[in-house]
Amino acid sequence: MTLPKVYVGIPIQEVGLKLLRGNVDFKVLEKNGVPPRDELLRDLRDVEGLLGSIPIRVDAELFDAAPKLRVVSNYAVGYDNIDVPEATKRGICITNTPDVLTPATADLAFSLILASARRLIEANAFLRSGDWKVWGPELLVGQEVAGSTIGIIGMGNIGQAVAKRARGFDMKVLYFSRSRCPEAESTLDAKYVPLVELLRESDFVSLHCPLTESTRGLIGAKELRSMKKTAILINTARGPLVDPQALYTACAEGWIWGAGLDVFVKEPVPLDEPLLKLVNVTTFPHIGSASRIARDGMAIRSAENLLSVLQGKKPRDLVNKEVWK
Ligand code: NAP
C-alpha cells in the first residue's frame with residue numbers, strides 16, 4: 001500500500017512524529033526556520049498533507065504548487081498565516097490546535113502583566129549591572145496588580161483563562177469580545193463593556209482576539225490616548241493588532257505606563273525596532289505556548305488532525321467546517 005505523502009514544515013516534537021510514522025510517507029524540516037519559498041513549493045508538488053505553522057504563508061500560490069493537497073494542519077491555534085477562504089474554495093481542510101496551549105499562553109500573559117507592572121526585567125538588569133548600591137523607598141516602584149482592573153479583548157479560551165487568573169488576584173474583570181460570554185459573566189463576574197469603556201477604565205488591557213481584517217490595527221493612537229496614564233497594554237495575541245509606531249509614542253511620551261509584548265508585526269523582531277529601546281516595554285520572543293505540556297500537546301493534535309483527514313475521518317479541530325461533506 002502506498003502511503004499518502006506529507007510535508008512537515010516545522011520540526012515538531014517526537015510525540016507527534018511518532019504518530020505519523022507508518023501512517024504517512026513524510027519529509028520533515030530538520031531545524032527551525034522557514035525553507036526558501038521555491039524549495040518549499042517544490043517539496044509540496046506531490047503531497048496530500050502539510051503540517052505547518054505561523055512562519056509558513058499558505059495562500060493561492062502554495063495551493064497551486066500542491067495540486068494534491070487535502071489538508072493543512074497548523075501547529076498553532078491562530079491561523080492568520082493561512083488564506084482560509086481560498087482553501088475552502090479548493091476543498092482543502094484547515095485545522096489548528098486549540099485548548100492544549102490555553103493554560104501556557106494565559107500563564108505567559110499573566111507573567112507579562114506581573115513583569116511589566118513590577119518592572120521585573122528592569123530590576124533583574126539593574127541588580128546584575130552593579131547599580132544596586134543602596135535600597136530606597138522609591139527604588140523600582142511599579143504598579144499594583146492585586147485589586148486592579150483588567151480589560152480583556154477577545155473572551156475566548158485564552159481570554160477566559162486570563163480572567164480566571166485575574167480573579168485569583170482579586171482583579172475586576174471587564175471584557176469586550178465579538179460575542180458575549182455568559183459563562184465568564186456568571187462564573188468569573190466578568191462585565192461586558194464597549195471597547196471605549198474598557199480602554200478608559202482598565203489598568204491592564206490584554207489582547208486575546210485573533211488577527212483578522214477586523215482586528216488588524218485595533219489598538220492605534222486614538223485607543224492608546226484613551227487609556228489611563230498608569231495603564232499597561234499586554235499583547236500575547238498577534239503583533240499587527242497594535243500599531244507599533246503609536247505604541248512607541250504612547251510608551252515614550254507617557255500616554256500609558258508601559259507595555260508587555262510577546263508578539264510583533266515582524267517576527268523575529270529586528271533589533272532596530274524602536275520599542276526594544278524602551279525600558280517600560282517588556283518583550284518576549286513569541287513564547288506564549290512554550291511549555292513542555294503545551295508544545296507536546298500541539299504536536300500530537302496537529303499530527304492527529306492531519307491523519308484524520310488523510311484517513312477520511314472528520315478532524316477534531318476543523319477550522320473551515322463547510323469543506324466537510
Ligand atoms: P479563541 O478561543 O478562538 O478566542 C478568540 C476570541 O476572540 C473569541 O471569543 C472571539 O469571539 C473573539 N473575537 C474574534 N473576533 C473579534 C473581534 N473582531 N473583536 C473582539 N473579539 C473578537 O482563541 P484562543 O485560543 O483564545 O486564542 C486567541 C489568539 O491568541 C489566537 O488567535 C492567537 O493569535 C493568539 N495566541 C498566541 C499565542 C502566543 O504564543 N503568543 C499562543 C496561543 C494563541 P467569538 O467567540 O465570536 O469567535
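Some points to look at:
- Between the Cα long axis of helix 102-117 and the first principal axis of the chain there is an angle of about 30°, rounded to the nearest 10.
- Remark on the range 1-60: ratio of C-alpha radius of gyration to 2.2 N^0.38 Å is 1.10.
- Positive-end extreme of charge dipole, the chain - chosen from 206, 4, 156 (charges on Cβ): 4
- Point-to-point label distance, residue 195-residue 321, nm (Cα→Cβ direction, 7 Å offset): 2.6
- Using every pair of distinct Cα positions in the chain, the Kirkwood expression returns a hydrodynamic radius of 21.1 angstrom.
- Spacing of the modelled spin labels on residue 27 and residue 90, each 7 Å from Cα toward Cβ, amounts to 1.8 nm.
- Measuring r between the beta carbons of residue 124 and residue 266 and using R0 = 30 Å, the FRET efficiency lands at 0.70.
- As a calculated quantity, the FRET efficiency between residue 131 and residue 60 at R0 = 41 Å, using C-beta atoms, amounts to about 0.15.
- The value of relative contact order for the chain, using C-alpha pairs under 8 Å at least six residues apart, is 20 percent.
- Helix 292-310 axis versus longest C-alpha principal axis of the chain: approximately 30°, rounded to the nearest ten.
- Over 22 Å (Cα to Cα) - which of 164/321; 164/277; 89/313 fall in this group: 164/321; 164/277
- Accessible surface, the range 160-303, averaged per residue in Å² (probe 1.4 Å): 48
- Heavy-atom accessible surface of the chain: percent carbon and sulfur, 1.4 Å: 54
- The separation of the range 176-194 from the range 247-286, counted between C-alpha centres, amounts to 29 Å.
- Of all aspartates and glutamates in the structure, the ones whose alpha carbon falls short of 14 Å from that of residue 222, not counting any fewer than 8 places away in one chain, are 197, 243.
- Alpha carbon convex hull of the range 102-283, volume per residue in cubic angstrom: 119
- Span from the the range 301-325 Cα centroid across to the the range 111-169 one, whole angstrom: 40
The values are calculated or read from the model by the stated rules, or taken from the named source; none is laboratory data. Bear in mind the structure is a predicted one, so any value in this text is a computation, not a measurement. We place every Cβ from the backbone using ideal geometry, glycine too, and count neighbours over all the protein chains shown. Just so you know, the surface numbers come from the protein's heavy atoms only, side chains and all, with ligands and any DNA or RNA stripped out. Shrake-Rupley method; radii C 1.70, N 1.55, O 1.52, S 1.80 Å.
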